[in-house]
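The values are calculated or read from the model by the stated rules, or taken from the named source; none is laboratory data. Computed from a predicted structure; not experimentally measured. Backbone-built Cβ (ideal geometry, glycine too); neighbour counts: all protein chains shown. The protein model used for the area step is the full one, side chains on, heavy atoms only, and it has no ligands, DNA or RNA in it. Shrake-Rupley method; radii C 1.70, N 1.55, O 1.52, S 1.80 Å.
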Amino acid sequence: MLNETNNTTEQPVEPKKIGGWLYLVGLGVVVGPLMTLNTIFYYHLKSFFDGTFARLTLTSSELYHPIYFPALTLELFTTIFIFSTQLIQIYLFFKKDRRFPEVFSFFLILTAVSSVFMYISIAAYPNPDKTVLNTTLQAAIRGVFGAVIWVSYMFKSVRVKQTFTRQFQS
């Protein structure tokens, strides 16, 4: 890279090693997709195969409510999108790509908003299960506080700025 002030060539700075709080971020980046896969297989696919989805979404069912189909479908697609974003995060994290902090922050904000939406949609169900409602509320609160803390860290940390420096080369 040419330095315009004194016409010398600057060597690209090698990123710092992952360390400090980034170990915790890395653990979350690696474990997160496994947890999301568990959710997809244990919760979403199971509900299709055991008939739960049909019992909630078919108009002939006594459990039918018009909100169930759009809410459950949106939840499934959001979860798949989150999983895809997590795979991209793994790649960017270990490549020390400069886009990682933005993608990670986007993911945290998306997850927090998704959790809040999930709570609101479950609360709108007729006679929501109190345990599910409380668990969803706790997840939403954790998601919002986690996003505030980690997004702030991603944009204020000197280590993050010094670690994620590599630029995509086409």
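Only Lys, Arg, Asp and Glu count, each charged at its Cβ (+1, +1, -1, -1), so figure out the dipole size of the chain about its Cα centre, rounded to 20 debye.
It comes to approximately 500 debye.
Taking the dipole about the Cα centre of the chain, with the C-beta of Lys and Arg at +1 and of Asp and Glu at -1, give me whichever of 113, 32, 60 is farthest to the positive side.
32
Can you give the accessible area per residue of segment 96-141, in Å², using a 1.4 Å probe?
Per-residue value: 56 Å².
Using mean Cβ contacts within 10 Å as the protection proxy, how do 124-132, 77-85, 47-55 order, highest first?
Packing proxy ranking, top to bottom: 77-85, 47-55, 124-132.
Just to confirm my numbers, what's the Cα centroid distance between segment 39-61 and segment 97-155 in Å?
The two parts, judged by their Cα centres, are 23 Å apart.
Percent of Cα-Cα pairs per 5 Å bin, from 0 to the last occupied bin, for the chain, please list those.
Each 5 Å bin holds this share of Cα pairs: 1, 8, 13, 17, 16, 12, 9, 8, 6, 4, 3, 2, 1, 1, 0, 0.
Can I get the semi-axes of segment 131-170's equivalent ellipsoid? Compute them from the C-alpha gyration tensor as square roots of 5 times the eigenvalues, in angstrom, largest first.
33, 13, 5
Among 70, 151, 163, pick out the residue whose Cα is farthest towards the positive end of the charge dipole of the chain, where Lys and Arg carry +1 and Asp and Glu carry -1 on C-beta, about the Cα centre.
With unit charges placed on the Cβ atoms, the residue in question is 163.
Using a 1.4 Å probe and counting only protein heavy atoms, arrange 25, 116 so the residue with the most accessible area comes first.
Correct descending sequence by accessible area is 116, 25.
Extending each Cα 7 Å along its Cβ direction at residue 24 and residue 127, get the distance between those two points in nm, one decimal.
So the label points at residue 24 and residue 127 sit 4.3 nm apart.
When the accessible area of segment 49-141 is computed with all protein chains present and a 1.4 Å probe, what percentage of it is carbon and sulfur?
Exposed carbon and sulfur together represent 70 percent of the surface.
Per-residue counts of other Cβ atoms within 10 Å, averaged by peptide: what ranking do you get for 35-41, 147-153, highest first?
147-153, 35-41
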